[in-house]
1. Once phi is turned into θ = phi - 60°, what whole-Hz ³J(HN,Hα) does the Karplus curve with 6.51, -1.76 and 1.60 give for every residue of the stretch 301-318, x standing for Gly and Pro?
2. Evaluated at 4 °C with a viscosity of 1.567 mPa s, what Stokes-Einstein diffusion coefficient in µm²/s does the stretch 324-387 have when Rh comes from the Kirkwood expression over alpha-carbon pairs?
3. Just give me a number: lysine pairs in the stretch 20-185, eight or more positions apart or cross-chain, with C-alpha atoms less than 26 Å apart.
4. Under 17 Å from the 7 Å Cα→Cβ point of ASP77, by amide nitrogen: which residues of the stretch 165-188?
5. Measuring from label point to label point, each 7 Å out along Cα→Cβ, what is the LYS295 to TRP259 span in nm?
6. Can you compute the FRET efficiency between MET36 and LYS247 using 1/(1 + (r/R0)^6), with r the Cβ-Cβ distance and R0 = 30 Å? Round to the nearest 0.05.
7. Relative contact order for the stretch 20-185: what percent, with Cα pairs under 8 Å and sequence separation of 6 or more?
8. So how much accessible area does SER514 have, in Å² to the nearest 10, using a 1.4 Å probe?
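The values are calculated or read from the model by the stated rules, or taken from the named source; none is laboratory data. Only a predicted model underlies this, so the values are computations on that prediction, with no experimental measurement involved. Because the Cβ atoms are built from the backbone with ideal geometry, glycine has one as well, and the counts that use them run over all protein chains shown. We work out accessible area using only protein heavy atoms, side chains counted, and drop any ligands, DNA or RNA first. Shrake-Rupley method; radii C 1.70, N 1.55, O 1.52, S 1.80 Å.
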Amino acid sequence: EEEPLPSVPEEEEEEEEEEAAAAEAQPLPPVCVSPMRGMWREEKVALFCDQVLRGCKAEDADEAMSNYLSEKLKLKDKWLGVWKTNPELFFLKYEEASIPFVGILVEATCTPHQSSSSCFRVTVSVAEPFSSNIANIPRNLVNEVLEELEHSVPLLEVYPVEGQDSDIHDIALALEVVRFFYDFLWRDWDDEERCDNYTALIEERINLWCDIQDGTIPGPIAQRFKKTLEKYKNKRVELIEYQNNIKEDPSAAEAVECWKKYYEIVMLCELLKMWEDLRLRVHGPFFPRILRRRKGKRDFGKTITHIVAKVMTTDMVKDLSSDTFLQQHDDLDLALDSCYSGDTVVIFPGEYQAVNLALLTDDIIIKGVGKREEIMITSEPSHDSFVVSKAANVKLMHLSLIQQGTVDGIVVVEAGHMTLENCVLKCEGTGVCVLTGASLTIKDSEIIGAQGAGVELYPGSTATLERNEIHHCNNFRTNDSSKSILGGVNMKVLPAPKLKMTNNHIYNNGYGISILPPTEQFFIVAETCNKGAASGDKKDENRLSKVMQNMNLEINDNKMEANLKGDIRIATN
């Protein structure tokens, strides 16, 4: 007779289980890299519009995505993947920045023919070796969470891992297609409104997404759009949860609250639609930002020189006349708030922020003392505007303006006249914008890094540019040449703006100068112009000369070079 195998004592079994549970998780294996990351926008459009949606209506899009995903899932019913889920399932307290998700290596078993691709569920079990992105996560905890979920998790939370057969790569692509659709292309209102050509709408949203990714749309505006979209989604969830918590017939207060939440969602929805239609173009409509009235001069007629520095010394004021009225501030905002027309703000080296720069209504001078690189004024990322003026005559001198997160141009002249002299403008979004009827003078300054135009002239505006450097503005290399029409200087016409340019260096932009006349057919003078003369064939030269004469341009002794798409572009609106 065979002797029975020796049994392990129960205490030893428990110890082994505890040791296994306490063992650190192995690192996660790499997940399949999605081919979508390397697709051009045309390939994305063909994939979604021709292969997946196939001309369906908005109300049928969910079914089309489900059919597409179901067909791919038939390739393999079991595979290994990383389940990425919300840390709230595992931890009561955690830092979102340090733990963006909890990842567990699982074996997935698919059940096809479910109703909605966004609601697909998959049965999972912990795979060997036990692996996670959190080394010390207890295996017992993972098992408990899965048991509570009955081992069923959303399919879109599972990412197939590398090292499996080619069918798994097809499944990984299908999952990424569905995720991309519901994250970036689908809107909750799509199936509530009639749309005659839904695939055309999807194509526009793909182009919008690509424009955001390649920088054609300025980063701050893209972030604002994303935040609004995220806010819309959160508010919709809040409304659903609030309605579900009402157990009986709603009270009057509950009904009012429901309507308030609903109308907030409607407002966000309409705002998103408007932004999508406008394509978030940086040369879209500007609206007045300044609603504050002018103070004018002081009653006693005197002007004050405001010293902005932590500590004021006699050396700071030794060059001022003895009858100068002085006021010292350690905060630039307070200094600007104290100004009346005719005042001067003198800023000493340091780093400053001032929301009142977006509310310039009185005729003042703001100037730095020392090297302009040492007087740094940065924008408030939470505000839409940085420097905005509608004063009759305001002047900024010897300063560095550093744009961080604001949506509007780094400087916007709504009305009146502004002078920028010996300043550095480090842009993150659009550059300097001169609205209709306003005028601008820039001398001996540098404009760098604008994702829109370095200087944007609206119809009927006036600008004088002398001895400036304008570079690295809108110099993104996009595949679609019609998407990136801006550069160093952009002019819109009817009525035509007036521009005088002398001894400027315009380089490494998208275009050197972009001109948008009202009627001309789209064409590009591909080669550069130097000292005001454009190269190209005779027809282009005549057309350019005619447009420039009608626009009242004076372009003398300027140097344009290394602009990625050409130095002068003339295009229709």
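1. Listing the rounded values in order: x, 8, 10, 10, 9, 9, 8, 10, 6, 5, 9, 9, 10, 5, 4, 5, 10, 5 Hz.
2. The diffusion coefficient I find is 105 µm²/s.
3. 11
4. It comes to 168, nothing else.
5. Reported label-point gap for LYS295 and TRP259 is 4.4 nm.
6. Efficiency at R0 = 30 Å is approximately 0.10.
7. Here the relative contact order equals 34 percent.
8. Looks like 0 Å² after rounding.
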